[in-house]
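Student: One structure is given below, represented as structure tokens, and several questions about it will come after.
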Amino acid sequence: MPNLKGLPDVGAAFLRLGLTSFGGPVAHLGYFRREFVERRRWLDDAAYADVVALCQFLPGPASSQVVFTIGMRRAGLPGALLASACFMLPSAAAMIAFAYGVESLSGIRGAGWLHGLKLAAVAVVAQAVWAMSLKLCPDWPRRALGLLAAAVVLVVPGIVSQIGVIATCALAGWWVSRGVPVAAAEPAGRLGRAHAWAAASLLAYGVLLAALPVLAATVGSKPLAVFDSFYRAGALVFGGGHVVLPLLRSEVVPPGWISDDAFLAGYGAAQAVPGPLFTFAAYLGTVIGSGARAWAGGLLALFAIFLPGWLLVGGAYPFWHLLRTKGWAHGALRGANAAVVGILLAALYRPVCTEGIRDARDVAAAAAAAVLLGRLRVPPWVIVALMAAAGQWILR
């Protein structure tokens, strides 16, 4: 049973991780295993692998959903919410502060440091595409699905096409994997949470996803429209992290809420802070809000993008042991993951490269940054700092 007396330990552990966990979702999973399996022994390797498998299966930010689940296992729903808040608020505060700084600067379009941040984004996304393709598209059928997804998204941009290619590739993965056996596993541990509440959480996820666009269109409220856009991005992105880039851009740039320059500046800055990349939403919400109380818009966007992931993992975990042995579920996930790689590949070309690459010097700088990031394992925040400086003093 969850122990509410463990809340202080939960808060302290995840606050420290929120302040020090650089490197993105994959690195976060390594930090979590060291902290909670090896050091604190809150769960064993089998239970940790079970949590990670579920969070990678669901839409949303996988590492943040792992945080939510570990907190829930340790101290129930209060522990889940406290763990999530402590892990994401340090980077969210930094992104909100950066948004205020960007708003106070004039001539942002021509700023050399901004161009450097765009080049950093090129390197980070390119490295993410390469790493994810090796893991998620190891054979030619999945590579073909990824390339087809990229082509469709480039020819027909927008969130509808992105959702369509994910669904189509998931169906293709299910079809190819029919009859493939999956090794049985032990049932997941009980969380002390009634299955009825878990089902209600899943129902709330679906109701909000369906109702928010209707409410936003009917009421005509900008805060409601912002909440709907960020909720939808968090609800529909598979793979988390960098994959949210094209979904968020399609929600905030075409309506004119934010420019491509400011969008990519924030995305580049998000590489320099610890914690989950989804706190990029706090920056976007602050820029969209503008004014002295723009921070409230940042918190609104932050809550909206994380909420669907919390509802999904909180509702799905008690049922996970029923799904993880099903071959069709694994096959659909393989197909959806191939589509994710394709969508991210399309985003690497547009807007990341089209907005960030101007000439051969930019290509060389971005390639050098990608080598430092991928081959020499230089931390992303160092890459961001170097590229911002290069953009300010060399590349402008």
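The values are calculated or read from the model by the stated rules, or taken from the named source; none is laboratory data. It should be emphasised that the depicted structure is a prediction, and the values quoted were computed from it without experimental measurement. Heads up, the Cβs are rebuilt from the backbone with ideal geometry, glycines too, and the neighbour counts pull from every protein chain shown.
Student: Quick check on the stretch 132-180: of everything there that is small (Gly, Ala, Ser) and at pLDDT below 80, which residue is nearest to residue 249 (Cα to Cα)? Walk me through how you get there before you give the answer.
Tutor: Quick first cut of the stretch 132-180, residues small (Gly, Ala, Ser) only: 133, 144, 146, 149-151, 158, 161, 164, 167, 170, 172-173, 177, 179.
With the extra rule that they be at pLDDT below 80, the set shrinks to 158, 177, 179.
Details: 158: 9, 177: 33, 179: 39 Å.
By that ranking, first place goes to 158.
Student: Could you grab me the full set of residues in the stretch 361-378 that are of a type in the set (D, E, K, R) and either at pLDDT 90 or above or closer than 18 Å to residue 112 by Cα (or both)? Spell out how you get there, then give the answer.
Tutor: Looking only at the stretch 361-378, we keep the residues that are of a type in the set (D, E, K, R), and these are 361-362, 375, 377.
Within the stretch 361-378, 361, 362 meet the criteria.
Student: Restricting to the stretch 286-303, give me the number of residues that are within 16 Å of the chain's Cα centre (by Cα) and either in a loop (DSSP other than H, G, I, E, B) or surrounded by 24 or more Cβ atoms within 10 Å (Cβ to Cβ) (or both).
Tutor: Start the filter on the stretch 286-303 by keeping residues that are within 16 Å of the chain's Cα centre (by Cα), which leaves 301-303.
Imposing the further condition that a residue be either in a loop (DSSP other than H, G, I, E, B) or surrounded by 24 or more Cβ atoms within 10 Å (Cβ to Cβ) (or both) reduces the set to 301-302.
Total meeting the criteria: 2.
Student: Spot the failing condition for residue 41; the list is (1) charged (D, E, K, R); (2) modelled with pLDDT of 85 or more; (3) assigned to a helix (DSSP H, G or I), and only one is missed.
Tutor: The number of the failed condition is (3).
Student: Of all residues in the stretch 282-295, count the ones that are in contact with a helix residue (DSSP H, G or I) (Cβ under 6 Å, 6 or more places away or on another chain) and either of a type in the set (Val, Ile, Thr) or over 17 Å from residue 117 (Cα atoms) (or both).
Tutor: 8
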